[in-house]
Amino acid sequence: MSIIEAKNITYKYPDGTVALNNINFSVEKGEIVALLGPNGAGKSTLFLHFNGILEPSKGEIYVDKEILKYKKKNLMEVRQKVGIVFQNPDDQLFSPTVEEDVAFGPLNLGLSQEETKKRVEESLKKVGMSGFEKKPPHHLSGGQKKRVAIAGILAMNPEIMILDEPTSGLDPKGASKILKLLFELNKDGMTIIISTHDVDLVPIYANEINIINHGEIIKSGNPHDVFDDIKTIREANLRLPRIAHLIEILEKKDKYKSSENYPLTIGEARRYFLDD
Ligand SMILES: Nc1ncnc2c1ncn2[C@@H]1O[C@H](COP(=O)(O)OP(=O)(O)O)[C@@H](O)[C@H]1O
Ligand SMILES: [Mg+2]
């Protein structure tokens with residue numbers, strides 16, 4: 001059952017830019033789905049539709065099969081279910097201290113001081129930011145800010161968490177840590193949607209990939225289906241994961257084409273070298 005769906009979404013910014021053109025995108029409960037696309041493709045614009053921050057020029061958003069309405073009451077409800085971590089943490093963090101920032105969402109939901117305190121503690125622990133409670137967010141590094149922004153959304157305990165480029169600007173270890181955290185949250189039942197252009201990290205974690213370019217979804221499928229379509233990948237100004245690219249260069253593909261996909265991770269690549 002799809003837990004969130006965009007149906008025929010077109011969005012035009014006030015200056016006339018058509019950022020999304022008839023987008024169809026749906027996510028099943030419990031999945032990790034990636035929206036992959038170059039800069040300017042429309043990733044952030046699409047995500048801002050999922051909890052009603054932007055209202056489409058055409059089309060509808062469905063959350064739990066219910067059509068999204070743009071009245072204040074409906075928006076409050078949907079924002080409890082759908083949490084969005086913005087691309088730039090400075091758009092999200094505004095309180096004088098980390099703990100006040102993370103507490104903002106739960107307090108806004110009307111939770112007690114006691115329950116809020118518990119959620120703040122748990123969320124900061126999950127993202128590895130315990131001990132930073134009293135720090136002003138603007139004193140934190142980029143990666144730390146991202147983790148606090150994630151904690152703020154986690155503290156609201158949403159059914160679906162949407163993260164706009166959660167790994168951009170992070171060092172490789174920081175990026176891998178965040179993806180591991182998302183993987184853990186997903187194991188506990190949370191549906192996760194991320195946007196990225198990091199083609200190396202995505203196949204390790206995502207069940208499904210959607211490629212977006214010029215405001216249109218041009219390919220959807222499991223990581224193998226998507227990365228075997230090299231033409232579409234290149235058209236979207238993306239590249240193959242390093243491992244798949246290596247195999248392509250080694251011209252192994254022809255040999256295996258009938259039965260095999262490109263390997264996308266080091267683990268998958270082993271078979272190419274072991275059976276030679
Ligand atoms: N506030 C805005 N006003 C006008 N055009 C915008 C605005 N924000 C984004 N755009 C344009 O919409 C398109 C999609 O942008 P965006 O959704 O930010 O892409 P992405 O997140 O994939 O980099 C781009 O052409 C961008 O220039
Ligand atoms: Mg963006």
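The values are calculated or read from the model by the stated rules, or taken from the named source; none is laboratory data. Not measured: the values here are computed from a predicted model. Cβ: placed from backbone, ideal geometry, glycine included. Neighbour counts: every protein chain shown.
Overview of values
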item	result
Positions within segment 137-149 being assigned to a loop (DSSP other than H, G, I, E, B) and out of contact with any helix residue (DSSP H, G or I) (no Cβ under 8 Å at 6 or more places or on another chain), in sequence order	Ser141
Filter result (under 17 Å from the mean Cα position of the chain (by Cα) and in a loop (DSSP other than H, G, I, E, B)) within segment 89-107	Gln92
Sole exception among (1) in a loop (DSSP other than H, G, I, E, B); (2) under 21 Å from the mean Cα position of the chain (by Cα) for Gly110, by number	(2)
Any hit, segment 65-88, residues being within 14 Å of ligand 1 (Cβ to nearest atom) and outside any loop (DSSP other than H, G, I, E, B)	yes
Yes/no for Thr167 being among the polar types (S, T, N, Q), under 24 Å from Val27 (Cα atoms) and at pLDDT below 90	yes
Some residue of segment 125-143 being within 16 Å of ligand 2 (Cβ to nearest atom) and among the basic types (Lys, Arg)	no
Test: residue in segment 231-240 that is at pLDDT below 90, buried (at least 17 other Cβ atoms within 10 Å of the Cβ) and under 30 Å from Val18 (Cβ atoms)	yes
Checking Gly30 against (1) within 14 Å of ligand 2 (Cβ to nearest atom); (2) in a loop (DSSP other than H, G, I, E, B), the condition it does not meet	(1)
Complete set of residues in segment 161-178 that are surrounded by 21 or more Cβ atoms within 10 Å (Cβ to Cβ) and away from ligand 2 (no atom under 16 Å from the Cβ)	Met161, Ile178
Residues of segment 122-149 satisfying the condition of being buried (at least 16 other Cβ atoms within 10 Å of the Cβ) and hydroxyl-bearing (Ser, Thr, Tyr)	Ser123
Residue check, Gly152 outside the structural domain of Lys65 (by TED's automatic domain parsing) and either surrounded by 21 or more Cβ atoms within 10 Å (Cβ to Cβ) or part of a helix (DSSP H, G or I) (or both)	yes
Residue among Ile193, Ile209 that is hydrophobic (A, V, I, L, M, F, W, C), crowded, with 22+ Cβ neighbours inside 10 Å and over 17 Å from Leu264 (Cα atoms)	Ile193
Search result, residues across segment 163-207 that are of a type in the set (Ser, Thr, Tyr) and in a strand (DSSP E or B)	Thr191, Ser195, Thr196
All positions within segment 208-250 that are part of a strand (DSSP E or B), closer than 15 Å to Gly42 by Cβ and touching a Ser or Thr at 6+ places or on another chain (Cβ under 9 Å)	Asn210, Ile211, Ile212, Asn213, Ile218, Lys219
Filter pass, Glu133 being over 22 Å from Phe47 (Cα atoms) and part of a loop (DSSP other than H, G, I, E, B)	yes
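Let's see how each residue does on (1) out of contact with any Pro (no Cβ under 7 Å at 6 or more places or on another chain); (2) in contact (Cβ under 8 Å) with a residue 12 or more places away in the chain:
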| site | (1), (2) |
| --- | --- |
| Gly128 | yes, yes |
| Lys135 | yes, yes |
| His139 | yes, no |
| Lys146 | no, yes |
| Gly152 | yes, yes |
| Ala155 | no, yes |
| Glu165 | yes, yes |
| Pro172 | yes, no |
| Ala175 | yes, yes |
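Residues checked against (1) of a type in the set (Phe, Trp, Tyr); (2) within 16 Å of ligand 2 (Cβ to nearest atom); (3) at pLDDT 95 or above; (4) crowded, with 16+ Cβ neighbours inside 10 Å:
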| site | (1), (2), (3), (4) |
| --- | --- |
| Pro14 | no, no, yes, no |
| Phe25 | yes, yes, yes, yes |
| His49 | no, yes, yes, yes |
| Ile53 | no, yes, yes, no |
| Leu68 | no, no, yes, yes |
| Lys71 | no, no, yes, no |
| Lys81 | no, no, yes, yes |
| Gln92 | no, yes, no, yes |
